[in-house]
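Here the structure is laid out as structure tokens; the discussion comes afterwards.
The values are calculated or read from the model by the stated rules, or taken from the named source; none is laboratory data. The structure presented is a predicted model; accordingly, all values stated were derived computationally and were not measured. Neighbour counts run over all protein chains shown; Cβ positions are idealised from the backbone, glycine included. Heads up: the accessible areas ignore ligands, DNA and RNA and are worked out on the full protein's heavy atoms, side chains in. Shrake-Rupley method; radii C 1.70, N 1.55, O 1.52, S 1.80 Å.
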Amino acid sequence: MKASFLLKDQYFLSTLIISAVVAVLIHFPEVLSLSDSFERQELFPEMEPTDVLNEILFTFLSLLVLFWMNTRIFRFNTPLIRITKTKMVLSFFLTWIASSLFGQLFVVLHHQFDIPAIDAMVHHYLHPLRDLIIACIVTGSNYIIHLVHKQQRIVVENEELRTESLRHQYESLKNQLNPHMLFNSLNTLQSLIRESPTKALDYTQELSRVLRYTLQDNDMQCVTLGEEMEFAKAYIFLMKMRYEENLNFEIDIDEYLSAFRLPAMSVQLLIENAVKHNEISNRNPLMISIRTEGQTLIVCNHIQAKRQASGGPGIGLNNLAKRYYLLWQKEIQISAENDTFCVRLPLHQPD
């Protein structure tokens, strides 16, 4: 609807500009004659500047009426309307006839009410030719504007469809995260209830904070690094409750990057990915490093793969990579070198 109103406003502005330009050009010989006394006396005797201005003004108003008439009858300003050859021919002849009638009307007004106008014979002889030219210009301009606006509408609609499609794809990807995280957290809570009811209570309070964050930001596609790290710290608390001293974190975030943006729950997903695929025990405690370097967030962990590889339901790094592409057409970098697994997330500058 908004696009339709915008195109109609553009149509009116286009016709306004065309009418003004054509009104001046159609009387350009008279305008030039004003500066040449000889030509003024020979071709347009007794012509005054007010006569020329009135002719231009009346032509301008006539053109606006002709454009309006075509708009009302043939709906050139509606991109969805199909303009056929028959409509074009009808528009041409109707505009030609109407332009001729407007010219005769101006002559009548000139004689009846003494409105300033050009009385030279050569000017009157040129009227039929000018009516033909005006008909061609109005009909041709209407058709060209119609085609341009039709193409613009297609572009706008395609962009709206693309945006809506990306939004649905993003929401579909993000909605996979919440049930998965909740399932894992409830399993941990079940174990804590059996082993330590006190810890289970603390765990429940922090879990409620984490879930509140995911619910409040459910409609947000991206968050600031500061917001994400606050959420990540709450999630880290849940993981520490489960693994205690066997899971450790090193966090080094530059303060000036707090306003930079990244997809919601990105850090949580990388922490969960590291916990899921690596052994965490008294013999092999896991260290996860979260730091910034330039305008990049880097999450690394030592590779200590579990004896039995854990399969995933398809919501891990592939999910995060797709969300990055949908949001900013950027790619994440994944590396596994020197027994260290790292994921580098480019941070998006704040708007």
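Residue count for the stretch 89-122 satisfying the condition of being open to solvent by less than 20 Å² (accessible area, probe 1.4 Å), part of a helix (DSSP H, G or I) and more than 19 Å from VAL21 (Cα to Cα): 3. Answer yes if at least one residue in the stretch 180-201 is of a type in the set (Gly, Ala, Ser), at pLDDT below 75 and open to solvent by 30 Å² or more (accessible area, probe 1.4 Å), and no otherwise. No - not one qualifying residue is present in the stretch 180-201.
Do we have LEU297 as crowded, with 20+ Cβ neighbours inside 10 Å, at pLDDT 95 or above and not β-branched (Val, Ile, Thr) here? Here the answer is yes, as LEU297 does meet what is asked. Whenever a residue of the stretch 113-137 is modelled with pLDDT of 75 or more, it has no partner that is surrounded by fewer than 18 Cβ atoms within 10 Å (Cβ to Cβ) and not in a helix (DSSP H, G or I) lying with C-beta atoms less than 6 angstrom away and at least six residues away or across chains. Pairs meeting the criteria (first residue in the stretch 322-351 and without any contact (Cβ under 8 Å) to a residue 24 or more places away in the chain, second residue open to solvent by less than 30 Å² (accessible area, probe 1.4 Å) and in a helix (DSSP H, G or I), beta carbons under 8 Å, at least 6 apart or on different chains) are LYS330/TYR324; GLU331/TYR324; ILE332/LEU320; ILE332/TYR324. Each residue in the stretch 41-77 was checked for being part of a loop (DSSP other than H, G, I, E, B) and among the aromatic types (Phe, Trp, Tyr), and 2 pass. Restrict the check to the stretch 75-95 and report whether at least one residue is more than 42 Å from the chain's Cα centre (by Cα), farther than 19 Å from LEU61 by Cβ and free of Cβ contacts under 8 Å to residues at least 40 places away in the same chain. Checked against the condition, which is being more than 42 Å from the chain's Cα centre (by Cα), farther than 19 Å from LEU61 by Cβ and free of Cβ contacts under 8 Å to residues at least 40 places away in the same chain, the stretch 75-95 yields no hits at all.
Taking first residues from the stretch 1-24 that are at pLDDT below 75 and partners that are surrounded by 15 or more Cβ atoms within 10 Å (Cβ to Cβ) and not in a helix (DSSP H, G or I), the Cβ contacts under 6 Å between residues at least 6 apart in sequence or on separate chains come to LYS8/ASN77. Put simply, of LEU80, LEU129 the only residue that is in a helix (DSSP H, G or I) and out of contact with any Asp or Glu (no Cβ under 7 Å at 6 or more places or on another chain) is LEU129. Do the conditions hold for TYR213, that is, is it hydroxyl-bearing (Ser, Thr, Tyr), at pLDDT below 80 and surrounded by 15 or more Cβ atoms within 10 Å (Cβ to Cβ)? In short, yes.
Within the option set ASN319, ASN284, being open to solvent by less than 20 Å² (accessible area, probe 1.4 Å), of a type outside the set (A, V, I, L, M, F, W, C), within 29 Å of MET241 (Cα to Cα) and not in a strand (DSSP E or B) holds for one residue only, ASN319. Taken over the stretch 225-242, the criterion of being at pLDDT 85 or above and either open to solvent by 30 Å² or more (accessible area, probe 1.4 Å) or on the phi > 0 side of the Ramachandran plot (or both) is satisfied by GLU227, GLU230, LYS233, PHE237, LYS240.
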